[in-house]
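This report refers to the structure that appears directly beneath it.
The values are calculated or read from the model by the stated rules, or taken from the named source; none is laboratory data. Please read these numbers as outputs of a predicted model, since none were measured by experiment. In this analysis, Cβ positions are derived from the backbone assuming ideal geometry, glycine residues included, and neighbour counts consider all displayed protein chains.
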Amino acid sequence: MIKIKKQVHSTDIVTVWYAEKTIDDEGIIQYREAKFKDGDTEDFYTLLTDLTESEDQIKAHFTKGCRYEVNRAYRENVNFVIKSGADISDKELDGFLDFFKEFWLSKDMTPPDMDSLREEMKAYRDNGYLVISHADIDNEISVYHTLLMDDNNARLLHSASLFRLKTDLEGGTRKIIGMANRALHFEEMKYFKDKGLRCYDWGGAGKGEDVRSITEFKESFGGTPVTYYDFDQTNGIKAKMINSLSEIKHKIKG
């Protein structure tokens with residue numbers, strides 16, 4: 001299980017991943033990918049790759065095209081770097097955040113609140129849950145992933161590349177970036193397998209048309225579909241008062 005805590009208006013906000021039952025902490029509890037239902041829940045669909053299989057067995061589940069692109073990335077001498085927990089420096093964390101912001105801008109979209117994201121990722125790192133990986137082409141970082149991990153699970157959080165900034169004249173480079181992205185996922189599977197983890201969680205496999213291409217990409221690795229549950233609970237008098245006030249303010253603004 002993964003658990004981090006922060007305070008907002010002197011109230012604890014606790015985020016819990018992969019819980020199998022409710023926890024006793026007071027505050028606003030945010031259950032993410034819980035393995036049980038409790039009250040008003042939202043289904044969360046994802047894919048799991050079984051890391052207890054051998055590397056050859058894992059790769060055998062990939063589609064033919066996926067295996068080709070992974071193998072091609074190795075022939076192109078793509079370099080892979082994976083770091084976790086205390087091995088991730090502030091400079092490396094900020095390097096990802098700068099890249100991630102540019103990734104959003106390359107899609108002509110507004111980036112998320114980078115200060116809040118940095119605070120969240122720093123909390124995961126400082127508690128030993130965060131993993132940052134990247135694929136380098138010609139000594140330049142071309143793909144970034146971030147993931148969470150506990151004793152059994154690795155969970156994809158972010159995936160970013162800047163292939164959209166490549167011109168048509170660099171079509172070959174754009175293709176290699178896509179191959180490097182696939183191979184980076186496989187490198188992560190091997191990394192977590194070596195650490196004794198059992199599952200590689202693809203971080204969502206939405207069924208909507210807007211994410212169809214992303215889900216199809218993930219499905220090409222042959223993961224098993226599963227359903228988890230997202231929901232929030234409020235424990236303790238103080239947290240319930242804060243939550244009630246927030247709901248009242250929301251209704252007034254609405």
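Which residues, counting only those in the range 157-175, are within 22 Å of Tyr74 (Cα to Cα) and modelled with pLDDT of 90 or more? Of everything in the range 157-175, those that are within 22 Å of Tyr74 (Cα to Cα) and modelled with pLDDT of 90 or more turn out to be Ser159, Ala160, Ser161. For residues that are of a type in the set (Ser, Thr, Tyr) and more than 21 Å from Leu148 (Cα to Cα), scanning just the range 98-128, find the one that is surrounded by the fewest Cβ atoms within 10 Å (Cβ to Cβ). So the residue we want is Thr110. For the range 14-42, residues that are buried (at least 17 other Cβ atoms within 10 Å of the Cβ), out of contact with any Leu (no Cβ under 7 Å at 6 or more places or on another chain) and of a type outside the set (S, T, N, Q) total 11. Taken together, the residues in the range 188-213 that are within 20 Å of Lys64 (Cβ to Cβ) and under 16 Å from the mean Cα position of the chain (by Cα) amount to 2.
Here is the figure for the range 80-106: residues that are without any contact (Cβ under 8 Å) to a residue 12 or more places away in the chain and either basic (Lys, Arg) or outside the structural domain of Asp136 (by TED's automatic domain parsing) (or both) total 1.
The residue list Val131, Val78 contains one member that is aliphatic (A, V, I, L, M), over 19 Å from Gly203 (Cα atoms) and crowded, with 20+ Cβ neighbours inside 10 Å, which is Val78. Is it the case that some residue within the range 43-50 is modelled with pLDDT of 95 or more and loosely packed, with under 13 Cβ neighbours inside 10 Å? Yes, that holds for at least one residue.
Out of curiosity, is Asn243 part of a helix (DSSP H, G or I), surrounded by 13 or more Cβ atoms within 10 Å (Cβ to Cβ) and at pLDDT 90 or above?
no
Counting only residues that are assigned to a helix (DSSP H, G or I) and acidic (Asp, Glu), which one in the range 177-208 is farthest from Tyr74 (Cα to Cα)?
Ranking the qualifying residues of the range 177-208, first place goes to Asp194.
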